Amino acid sequence: MQVRDLLGIYVEWSVNEKVAFEVAYAAAISGVRSLVAMKHVGLNVASDPLMSSAYTGVKEGFVIVSADDPSMWSSQNEQDNRFYGLHAYIPVFEPSSPAEAKELTKYSYGFSSQFKHPVILRITTRISHTRAVVDLGEVGKPKTKGVFIKEPRYVLIPTNARRNKLELVEKINRMVKELSKSPFNKVEGSGGLAVIASGIAYLYVKEALEKLKLGSEVTLIKLSTVYPIPKYLLIDALKDVKKVLVVEEVDPFVEILVRGLVSEEGLNVEIYGKNYLGYPFELTVERVYKALSRFLNIDTALRSEEGSKRDLRAELPQRPPTLCPGCPYRPLFYAVKMFAIRNKLNLVAAGDIGCYSLGYNPPFNLQDIIIEMGGGLGVANGLAKVVENTIITFIGDSTFFHAGIPPLINAFVNRSPQIVVILDNEVTAMTGHQPSPSSRFKDRAYVPIENVVKGIGIRFVKVVDPFNIRRVMNVLSSALEHVRKYKEPAVIVARRRCALEVMRDLGRLSLTAPSYIIDPHKCIACGLCYNWFSCPAIVPGSEGKALIDPELCVGCGACVNVCPVDAIKPSKPYDKESIEKYWF
Amino acid sequence: MVLNVVVVGVGGQGLLLLSRLIGESVIASNTDINVSVAETHGLSQRGGSVIVHIRMGKEVFAPLIPRGEANIMLALEMLEAARYLDYLSRNAIVAVNDKVIRPIALKGSLPSKEELLSALKSKSSNVYVIKASETALALNAPLSANMALLGFIGYILEVKGIIDINMVKEIIKGVGRGRVREANLKLFNYGYSAARNLVRDDIINKLPY
Ligand SMILES: Cc1ncc(C[n+]2csc(CCOP(=O)(O)OP(=O)(O)O)c2C)c(N)n1
């Protein structure tokens, strides 16, 4: 059972973060508590309504969850979204553990209702991607229906916005007083040396202090509400302190605010922070330990620094993530690569974010630019105007609906010659199989991508099955001709379902396709399948002949079309059609 | 004291499920122990190198295990076991699946199993090779190899008094259905017996917690 059914609340996967923000905001201005969650870069997309939401305020609790990604484990940058709070006049809370994330969310609702103002809950990778014990409390019956009361504050024409701005400044000042008393900030220990730890940094500091066998000799200031900075708490906590070290993930956000506070209040405190910890990447116990030792003038080495005998890690082959066995993108990239080689095309592939970003890796090397969701199509518009290369863009279905439609319209109206390949696996695969508007899930309407493209007026629109490599290459040929002749975009929709989705469906029905095998008598050891097609299930065996690992093969049969001598076949006969239909 | 476990392998081998089940088993068996399970890579790491950090103890702070402090490593793949060697504490218990997955578009040569094992053994005298993949494939359930490692650590945590093995079995029954569920239990038992036969109790008793 899903949480929404359990609680009787409304939940949706919105088409992008800006829309998601607006949906949740609408509830909050109609007196219904709401939450909108996104990764850090999502807040860039939603930043326009974010700024305005502070001006209008809300009627009921409105919590904006921003999941930041220090170290960029799965992101294009490691922006620190606490600055959005400062920028937009919205308070920022930062939990120190998964359990506190729950408590702080509850607190955020109370706070947001009290001040009739949005709240940003900033979490980082180690909160988002950690499972830990969380005690659940009672959940009351939620209020899901509200009333929108018309007020000038929601109409941000200049006269209203100016009035709102005055109120906004006054609200932030009131919040400082309240947050200085918040139970989520606390001071432990005492002494002239202090550490301020915000969010999860608190856990790293606790562990490092324990390793250093230090406890109450240091003043430890835990901050879980960082903007507006709890001024009165800090003034009090720092009154006997000579030196303070600020420990936080990513940018010196708290550090900057504390520097401001110390200078404003004329406190006599030396401030350390990023100069000891370094700027980039997430914190680790080792990193905090080193900074603390330096700050406290203690000379100690950690066990891990004992230097192992031989650095075997450096000798091991890298293992970048790969497209899954059965992934429809593999034959598609293979076809594009072969097409480019055969036609001696000097391609620039404007790429995008999704599983297909993996096309950057060898052997395909078909993602030359990846900057942000929807960015590939937009950049291709400009490239087509200034460079001589053939421009091809790749964009997934979810990303197309997220931010790909405006740049495609732009390409059409401004006549930008480019081949646009829309990779429609009918799901948002990379982030965990959320529905995309092209998913045929029950309870949702769906949008066939070609209808959108045709609706724009684009004349070249073809839908292909990426497993059919020969047809893909033919369609690429005619698309190239069209682009060259008419100087306008040509769109190819490559449609086949994500292999993981298909495997899951087959599993539920207790259906399996047999794995495939290579006939060693036929195999000529050309290496096309393992070097160029590069399915993880196909490996070189003796004398360069191919072998299929039955543990990894999912029986998709895509490699059959790659083999020039027909050496690949199912390990046992099966009713192909009964399985095949789940792929579409 | 905190007991630190790293789980390593290749994305798609079922590491996250394995780690989640370890965490759930601890919580279900023992109410006054804290456990945290931190994955360094999300779903975007299919086919890539993955490490999960599991920490259990009365009080657990940082979600990430400092290098040199893992007491147990469960490895579903040998190259990955070697890659994360520097997480191991001296004489950590290492259970490694007898399986090498060749990275795609490999440049250079692949180290042999012997080389990888001797690298592991240079760090610990408690390295145990488990035929998890082979056993799973024989049961026609290649994706259940992870359950053998659950059985392996299940035995160790049972000896330590951290988990109740029957509770773990109940939890496993909630995973998969039909044939897969049966294979899961068989693999779990295989790993459990392997640990019982291979790992001496005095080694287990030396583990922290
Ligand atoms: C603004 C923004 N929001 C969300 C994400 C996270 N994200 C990465 S890829 C992706 C969508 C991938 O879906 P799709 O384009 O259909 O490709 P697939 O993974 O299915 O191949 C999302 C939402 C992001 N990188 N940027």
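The values are calculated or read from the model by the stated rules, or taken from the named source; none is laboratory data. Computed from a predicted structure; not experimentally measured. When we count neighbours, we look across all protein chains shown, and the Cβ atoms used for this are built from the backbone with ideal geometry, even at glycine. SASA here: full protein model, heavy atoms, side chains in, ligands and nucleic acids out. Shrake-Rupley method; radii C 1.70, N 1.55, O 1.52, S 1.80 Å.
Annotations for the structure displayed:
- Every residue from the stretch A:57-68 that is in contact with a strand residue (DSSP E or B) (Cβ under 9 Å, 6 or more places away or on another chain) and open to solvent by 10 Å² or more (accessible area, probe 1.4 Å): A:GLU60, A:VAL65, A:ALA67
Here is a yes/no grid of residues against (1) more than 30 Å from B:VAL60 (Cβ to Cβ); (2) outside the structural domain of A:SER198 (by TED's automatic domain parsing); (3) touching a residue at least 40 places away in the same chain (Cβ under 8 Å); (4) touching a Ser or Thr at 6+ places or on another chain (Cβ under 6 Å):
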{"residue": "A:ALA20", "(1), (2), (3), (4)": "yes, yes, no, yes"}
{"residue": "A:HIS40", "(1), (2), (3), (4)": "no, yes, yes, yes"}
{"residue": "A:ILE64", "(1), (2), (3), (4)": "no, yes, yes, no"}
{"residue": "A:ASP80", "(1), (2), (3), (4)": "no, yes, yes, no"}
{"residue": "A:GLY85", "(1), (2), (3), (4)": "no, yes, yes, no"}
{"residue": "A:PRO118", "(1), (2), (3), (4)": "yes, yes, yes, yes"}
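- Each residue in the stretch A:99-127 was checked for being among the small types (Gly, Ala, Ser) and either open to solvent by 60 Å² or more (accessible area, probe 1.4 Å) or in contact with a helix residue (DSSP H, G or I) (Cβ under 9 Å, 6 or more places away or on another chain) (or both), and 2 pass.
- A:LEU209 vs. criteria open to solvent by 90 Å² or more (accessible area, probe 1.4 Å), in a helix (DSSP H, G or I) and either farther than 30 Å from A:VAL3 by Cβ or assigned by TED's automatic domain parsing to the domain that holds A:LYS290 (or both): no
- Members of the stretch B:113-158 that are open to solvent by less than 10 Å² (accessible area, probe 1.4 Å), part of a helix (DSSP H, G or I) and without any contact (Cβ under 8 Å) to a residue 60 or more places away in the chain: B:LEU116, B:ALA119, B:LEU120, B:ALA132, B:SER133, B:ALA136, B:ALA148, B:GLY151
- Meeting the requirement of 1 or more residues that are on the phi > 0 side of the Ramachandran plot, open to solvent by less than 30 Å² (accessible area, probe 1.4 Å) and modelled with pLDDT of 95 or more, no helices (runs of 4 or more DSSP H) wholly within the stretch A:447-553 can be named.
- The condition of being more than 20 Å from A:TYR84 (Cα to Cα), open to solvent by 40 Å² or more (accessible area, probe 1.4 Å) and of a type in the set (A, V, I, L, M, F, W, C) holds for only one of A:LEU220, A:LEU193, that being A:LEU193.
- Top-ranked residue of the stretch A:1-31 - restricted to ones that are away from the ligand (no atom under 16 Å from the Cβ) and touching a helix residue (DSSP H, G or I) at 6+ places or on another chain (Cβ under 9 Å), ranked as farthest from A:ALA46 (Cα to Cα): A:ILE9
Conditions tested, residue by residue: (1) within 14 Å of another protein chain (Cβ to nearest Cβ); (2) not in a loop (DSSP other than H, G, I, E, B).
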{"position": "A:ALA54", "(1), (2)": "no, yes"}
{"position": "A:LYS59", "(1), (2)": "no, no"}
{"position": "A:GLU100", "(1), (2)": "yes, yes"}
{"position": "A:LEU104", "(1), (2)": "no, yes"}
{"position": "A:SER112", "(1), (2)": "no, yes"}
{"position": "A:LEU121", "(1), (2)": "no, yes"}
{"position": "A:VAL147", "(1), (2)": "no, no"}
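- Qualifying residues in the stretch A:36-56 (those that are crowded, with 21+ Cβ neighbours inside 10 Å and over 18 Å from the mean Cα position of the chain (by Cα)) - the one farthest from the ligand (Cβ to nearest atom): A:THR56
- Any hit, the stretch A:350-358, residues being within 15 Å of the ligand (Cβ to nearest atom), aromatic (Phe, Trp, Tyr) and either assigned to a helix (DSSP H, G or I) or modelled with pLDDT under 95 (or both): yes
- Qualifying position, being at pLDDT below 95 and either crowded, with 20+ Cβ neighbours inside 10 Å or more than 7 Å from chain A (Cβ to nearest Cβ) (or both), among B:GLY47, B:GLY9: B:GLY47
- All conditions in (1) of a type in the set (D, E, K, R); (2) away from chain B (no Cβ under 14 Å); (3) open to solvent by 70 Å² or more (accessible area, probe 1.4 Å) hold for A:ARG131, with the sole exception of (2).
- Positions within the stretch B:164-209 being outside any helix (DSSP H, G or I) and open to solvent by 60 Å² or more (accessible area, probe 1.4 Å), in sequence order: B:ASP164, B:GLY174, B:ARG177, B:ARG200, B:LYS206, B:TYR209
- Hits in the stretch A:380-420 (condition: open to solvent by less than 10 Å² (accessible area, probe 1.4 Å), away from the ligand (no atom under 12 Å from the Cβ) and outside any strand (DSSP E or B)): A:ALA380, A:LEU408, A:ALA411, A:SER416, A:GLN418
- Of the listed requirements (1) touching a strand residue (DSSP E or B) at 6+ places or on another chain (Cβ under 7 Å); (2) surrounded by fewer than 19 Cβ atoms within 10 Å (Cβ to Cβ); (3) without any contact (Cβ under 8 Å) to a residue 40 or more places away in the chain, A:GLN434 misses just one: (3).
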